[in-house]
Amino acid sequence: MVVLGIESSCDETGVAIYHSEHGLLSHVLHSQIALHAQYGGVVPELASRDHVKYLVALTDSALQQAGLMKSQIEAVAYTAGPGLIGALLSGACFAKSLAFSLNIPSIAVHHLEAHLLAAQLAEPSLKFPFIVLLVSGGHTQLIEARGLGDYHVLGDTLDDAVGEAFDKTAKLMGIPYPGGAMLAKIADDNFSMHKTPLPAFPRPMLDRAGLDFSFSGLKTHALTVWNASDKSPDSRAMIASAFQTAVVATLLEKCKRAIQQTGSKHLVVAGGVGANRALRCALKTLMEQLSGEIYFPSIEFCTDNGAMVAYAGCQYLLADQYDETQAVLVKARWPLEQCNVSE
Ligand code: KG4
Ligand code: ZN
């Protein structure tokens, strides 16, 4: 089966082609970072228009890279939510029209399910059930993945998502949008250069039972420490390092609890913050200690991309579980536990 996947839920336009036997045939991506940078955050209307502008050209390049003609595509998968409504509509309308014109199925994909299945792209031997730490710009969840479309959320953030906390902390220290990855780099460089003790940062929610998270207090703490500092590059690096250390320690402890609570020995890390080097190292060590296995998507498939959508769509096509409706249905909010639209 050959599935074209389209991602347009936020500020990346991704198009990819996945073959059920030969794997990923192509994937292309257009990032809108430069477009939104001058505003310090994603401007939804500009995001929608930019998706419309690039979708046709990206689809042509994905087909060209894969050496395929449009007529060889057997289904079109698209991100139907959650995300920015206009951005989702741009991708969904394009995907539905393309599928309609080719007389092939269109498959609505849940963005978070696509993220968590991305680990199987790198590691096809990964089978259900497994635990997922989903850490992105919009979500922070611990999930028990029982099967395709069958997910149970074990813990969630009560306020900011972890990627959002990275981005906001970066912004308040003058690191340009989207600062999360840059803040992580500054923290890593500081860690390898200095061995002086870091300022003490809280470890939110660790004193409470359960698997929920909270990151907004950590961001506020960073602001207080930053405002009291001399605001030099050294202070920025120290605070970045202390912030990242606290985030990683919190995520690590909650993952440990989830593994102990469920008895699962397989942990998947998904979403943009899954690209974080310190987090990857710490979780790897944890799973070694617990004699378990850890799976990461490759770095390029941690952040938003079309490959994870094509892959997820292909799994639904193979399972013959998708909604045949011609209507364009997108959802800005869409709980992961309700992701199987064919039910
Ligand atoms: O999954 P994603 O591409 O988009 C959403 O669906 O949200 O995640 C983007 C988030 C952003 O908040 C970005 O700052 C964060 O992932 N991110 C990182 C790193 N790379 C991307 N956060 C920490 N460390 C990184 N290396
Ligand atoms: Zn995402």
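Laid out as a table, the results:
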| quantity | calculated |
| --- | --- |
| Members of segment 123-159 that are hydroxyl-bearing (Ser, Thr, Tyr), assigned to a strand (DSSP E or B) and within 14 Å of ligand 1 (Cβ to nearest atom) | THR140, THR157 |
| Lone unmet requirement of (1) assigned to a loop (DSSP other than H, G, I, E, B); (2) within 26 Å of TYR18 (Cα to Cα) for VAL273 | (1) |
| Near pairs, Cβ below 7 angstrom, 6+ apart or cross-chain, from segment 157-182 (within 14 Å of ligand 2 (Cβ to nearest atom)) to any residue that is among the hydroxyl-bearing types (Ser, Thr, Tyr) and not in a helix (DSSP H, G or I) | ALA161/SER136; ALA161/THR140; VAL162/THR140; GLY163/SER136 |
| Among (1) in contact with a Pro (Cβ under 6 Å, 6 or more places away or on another chain); (2) of a type in the set (A, V, I, L, M); (3) surrounded by fewer than 20 Cβ atoms within 10 Å (Cβ to Cβ) - the single one LEU148 does not satisfy | (1) |
| Only one of TYR311, TYR295 that is within 14 Å of LEU148 (Cβ to Cβ) and not aliphatic (A, V, I, L, M) | TYR311 |
| Count of residues meeting criterion [surrounded by 15 or more Cβ atoms within 10 Å (Cβ to Cβ) and part of a helix (DSSP H, G or I)] in segment 1-39 | 2 |
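Every number in this text was worked out from the coordinates using simple rules, so none of it is lab data. Small disclaimer: the values here were computed from a predicted structure and weren't measured. Backbone-built Cβ (ideal geometry, glycine too); neighbour counts: all protein chains shown.
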